Amino acid sequence: MDRRQFLFALAATVPALTLGGKVFAAPATSPRFLLVFLRGGYDANNLLVPYGSDFYYESRPHIALAKPTPGDPKSVRALDANWGLAPAVAQSMGPLWDKKQLAFIPFAGTDDLSRSHFETQDNIESGEAGDARQYASGFMGRLSGVLRGVPPIAFTDALPLSFRGTGDVPNISLKGSGKAVFDDRQSKILAGMYEGTPLQAAATDGLQLRQQVAQDLQTEMVAASRGAVNARGFAQQGQRMATLMKDRFRLGFVDVGGWDTHVNQGGADGLLANNLDNLSQGLAAFADGLGEAEWNNTVVVVVSEFGRTFRENGNKGTDHGHGTTYWVLGGKINGGRVAGNQVAINAGSLLQNRDYPVLNNYRDVLGGLMKRMYGLSDTDVGNVFPSAKPKDLQLV
């Protein structure tokens, strides 16, 4: 067993933290990119609310959010004459919008019409064109390969499809308590096992790395005890992600579940509102944790596999849909606007008389964004998103 194999084996002994080698410092000038995947298909219509459409209120008699009303904290915040921001996220995301550090892209998504969670999630993470179903690599992995020397990390239990095909990518679960992986006594015993052997240096490196990362997470977990968090502790996760990405990593992926709201979705209050509140707090915590200088060099994109039906169902919820709304955040983005191709919202504009149509394909949108962020050539973009037509929304 050589040094690299030993470090990989040592990482495998700790389910919560899997590293294929040392953690290297990230290039100081490289832009930072984080993809947040909302698994379950969130109801974008009650996040970016088309309050200017009477059809919205006709379609959602129980779950629609009230038009902007001065003094009513449960009404939407007007962003322009057509769109409003859900009250659940107004406190966390409103300041970013005011500073033009937040933008939304409605009518976004994939060409996949299966409305299957797993198929569409895989479709997005693979980044392949059309009906291609080759899942040997993902678009984040290919981006990592194109950029070279830009350290990636996945904040997930296991390596996600999006990062496949790029070699050793660290993945770390943020569901644990943040306790040190080994205490001092255990570390001395493990180090002693390899003392005087060719693997002594590798064992020391591996143990020190585990202890260092665990201590960083513990420190941030304590500091992150602010405001309400959801059951998954996403606000705490935001602080932890900032800790690791601030100095060490430049490409990140995290997924958040619980968005499949078929029953009792709620309006200004309820399941979806709580999820949105917690998500937005986590994103704000991530921005705060990075600090102004690093936030200015960061872009965060929030996606979901699809949107939900425009009309509410008989259970006061929504079912699997098609087009959704992406979020784009960052200290220096060209925000404070609703970007991309749009269409008037009425019964005639719905896809199959039920969903938002997709007017902004995710591969084109992300390809255009990454082209501007990293100065990629058309060939590079084609390697990340084969056959994509990069759409420059001038968000960065």
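Taking 7 Å along the Cα-to-C-beta vector as the label spot, tell me the TYR57-THR204 distance in nanometres, rounded to one decimal.
The modelled label-to-label distance comes out at 7.2 nm.
Kindly state, to the nearest 0.05, the FRET efficiency for THR69 paired with ASN315, given R0 = 30 Å and r defined as their beta-carbon distance. Each step should come with its number before you reach the end.
On the way: r = 28 Å, r/R0 = 0.92.
The computed FRET efficiency comes out at 0.65.
List the residues, sorted by chain then number, that are 5 or more residues from ARG308 or on another chain and whose placed amide H is less than 5 Å from its amide H.
Correct list: ALA44, ASN45, GLY321, HIS322.
Whole Å is fine, so just give me how far the alpha carbon centre of segment 95-121 lies from that of segment 240-274.
Here the two parts' Cα centres lie 13 Å apart.
Along the charge dipole of segment 314-396, which of PRO390, ALA344, LEU359 sits closest to the positive end, that is, farthest toward it, with unit charges on the beta carbon of Lys, Arg, Asp and Glu (+1, +1, -1, -1)?
ALA344
Along Cα→Cβ, 7 Å out, is where each label goes; now give me the distance between the ones at PHE118 and LEU359 in nm to one decimal.
Going from the PHE118 label point to the LEU359 one covers 3.4 nm.
Considering only THR120, LEU143, LEU102, whose Cα is most displaced toward the positive end of the charge dipole of segment 91-176, charges sitting on Cβ of Lys, Arg (+1) and Asp, Glu (-1)?
Going by the Cα projections, it comes out as LEU102.
Readers should treat all values here as calculations from the given coordinates under stated rules, not as data from a laboratory. As the structure is a prediction and not an experimental result, all values here were calculated from the model. Positions of Cβ are backbone-derived with ideal geometry, glycine not excepted, and every protein chain shown enters the neighbour counts.
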